[in-house]
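The values are calculated or read from the model by the stated rules, or taken from the named source; none is laboratory data. No experiment lies behind these values; they were computed from the predicted model shown. Cβ atoms come from the backbone with ideal geometry, glycine included; neighbour counts cover every protein chain shown.
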Amino acid sequence: MTFTRRPGFALSTGITLLGTSLMILLPLAALALKAVHAKAGTFATVLSNPRVQTACLFSLGAALAAALFNLVWGTLIAWVLVRYPFPGRRLADALVDLPFALPTAVAGLTLSSLYGPKGWIGHLLPFPVVYNRTGVVLALSFVSLPFMVRSLQPVLEELPREMEEAATCLGASRWATLRRVVLPQLLPAILSGFALSFARAVGEYGSVVFVSGNLPFKTEIAPLLIVVKLEQYDYDGAVALAVIMLGISLLVLAGIHLLHRRFGEARRHV
Amino acid sequence: MSIEVRNLSKRLGGKTILDRVSLDIPEGSLVALLGPSGSGKTTLLRVIAGLETPDEGEVLVRGEATTVRRPQDRHVGFVFQHYALFPHMSVRQNVAFGLEVKPRTQRPSRDVIRARVDELLQLIQMDSYGQRLPSELSGGQRQRVALARALAVEPSVLLLDEPFGALDAQVRAELRQWLRRLHDVSKVTTVLVTHDQEEAMEVADTVAVMNRARIEQVGHPRDIYDHPATAFVARFVGQMNQLHQVEGGTAFARPHDMDLSLDPADGEPARITKLVSVGPLARLRLDLPSGQELEVHLTRPRLEELQLAEGQQVYVRPNRVQVLAGDYII
């Protein structure tokens, strides 16, 4: 095989690798190194702690619930924004990015005051929303919603209307057209939106601490537990917990990636 | 199935897209809607399909009003310029789609669907392509699949919107001959939208020429060519020389209805600016002293007889002139 010279290859690759290393790989390596140097048995101790187990499971579960909620809600928003011209659409479109821009602590405060027992919305609801698990899921879906909408929007915009018209002329009902023609083509984008939403939700800390009430064994999330451990100068424990969370997140993302590939493959071989 | 279009009007954003359009499409015929872009031909086709609703007027199928019926229930086969195949489905799945989405009570069994798809793939000469994805096909193949998909549900009307518009010239020519043969066999009432007059003339039994939201003339391709009803039709269909204003309109002559001579008594003086003699006809461009340009086609024997060359002074005379009223401006 001959190696063709590609102009700018060495320089651009060098810059990219340097940036990636400094910003992503180095911190992760430091974390791993710290974990290696932790006292023997720290992992076992941390993992066997029921409070840690509950927090980790709750973190994952809540993130998953938020991502699932966004799957439906975000898809709907993207659809409406792309397909229906309504007055104020551009404003609504810009508002979708708000959770990106808003400091998460502000989001948390806003949500807790709105949905709190005395809040504008909270006092109308027959069930409590904040300071329990619902509140956590609400906050997580708020901060991760833009990922779902923004992953889906460009794909929806590119989807030719003619394809749906073709299905309609062939006698397909609106529902059959959606299920057989539109959704299969959106699936990869929906999966990436879901994965990004999930990843964002797992890492969220700022907004959750304001709405969860931070009750151990109930609404405590893993990132909060890490902060608690740090405050108690339990660095080894914090690192162990961080590594565990990192591992779980990587596993879930890898799983979604596989699913993504499976669908891509399946489409080719049916 | 016969289609009757009655007084269709449609406006969009202050612009008139269809202006009281009426058209009869007899059962089993192949009608071409011919016109420049923006003349309303695609909108007319989409109204017939039920994809657009008219502001006024109605579409009758076998004398029955359809304007209120949903497009799903109209039994039309629609073929789009850009194919609109389902990219995530194989060729077979695309063709079978219309059969598989039928309500359970009307849906044929799996074996019947399979046999029908086999038959259609054979018809479009793509038997061995069933498992391919649309992205793995050429443009001409994709359009044939789109046609097979539309035919699968045995539509009562086949509507083709610029079906060959995105293909290169050679494939276009092959496909339109194939379409004509297909129509001769299947006898499905077909409406073809095109801006290519050659395509309309070659394929259709009847051509309807559209301009500015109206139908200007409907007729046999030959009548439209020989006896254009308006100045627009004369200029749009085939080449036409606009000669001069006369009482009641403008005088026109086809390039092959003109003759040249070297004798000043035989016509107006003109100069040959361009002479192309490739093929059975020689094509000449002439400049009149007024600055007007004329196109003249001569047979090869006539050209040799006159011994013409570029730059030469000649005398031009039309053999056959048609005077047409109309406000067509170039």
- helices (runs of 4 or more DSSP H) (entirely within the stretch A:168-234) containing at least 3 residues that are buried (at least 18 other Cβ atoms within 10 Å of the Cβ) and not small (Gly, Ala, Ser): A:183-203, A:208-212, A:222-231
- Is it the case that some residue within the stretch B:86-109 is within 11 Å of chain A (Cβ to nearest Cβ), among the hydroxyl-bearing types (Ser, Thr, Tyr) and assigned to a loop (DSSP other than H, G, I, E, B)? yes
- Message: Go through the stretch B:44-101 and report how many residues are closer than 28 Å to B:GLN141 by Cα, polar (S, T, N, Q) and either at pLDDT below 90 or surrounded by fewer than 23 Cβ atoms within 10 Å (Cβ to Cβ) (or both).
- Response: 4
- Listed residues B:VAL193, B:VAL153; which is within 28 Å of B:GLN72 (Cβ to Cβ), more than 13 Å from the chain's Cα centre (by Cα) and in contact (Cβ under 8 Å) with a residue 24 or more places away in the chain? B:VAL153
- Give A:LEU251, A:LEU259 a once-over and let me know the one that is surrounded by fewer than 19 Cβ atoms within 10 Å (Cβ to Cβ), modelled with pLDDT under 85, within 23 Å of A:LEU71 (Cα to Cα) and under 21 Å from the mean Cα position of the chain (by Cα). A:LEU259
- Query: Of the conditions (1) outside any helix (DSSP H, G or I); (2) closer than 15 Å to A:LEU140 by Cβ, A:ALA66 fails just one. Which one is it?
  - Reply: (1)
- Among the residues of the stretch A:152-187 satisfying the criterion of being more than 9 Å from chain B (Cβ to nearest Cβ), free of Cβ contacts under 8 Å to residues at least 40 places away in the same chain and of a type in the set (A, V, I, L, M), which is farthest from B:ASN94 (Cα to Cα)? A:VAL155
- Filtered residues of the stretch A:1-57 (kept if surrounded by 10 or more Cβ atoms within 10 Å (Cβ to Cβ) and charged (D, E, K, R)): A:LYS34, A:LYS39, A:ARG51
- Item | Set A:VAL129, A:VAL136: member being surrounded by 24 or more Cβ atoms within 10 Å (Cβ to Cβ) and in contact with a helix residue (DSSP H, G or I) (Cβ under 7 Å, 6 or more places away or on another chain) | A:VAL136
- Query: Is the stretch B:300-313 home to any residue that is without any contact (Cβ under 8 Å) to a residue 40 or more places away in the chain and within 32 Å of the chain's Cα centre (by Cα)?
  - Reply: yes
- Within the stretch B:30-77, tally of residues that are out of contact with any His (no Cβ under 9 Å at 6 or more places or on another chain), assigned to a strand (DSSP E or B) and over 15 Å from B:THR194 (Cβ atoms): 9
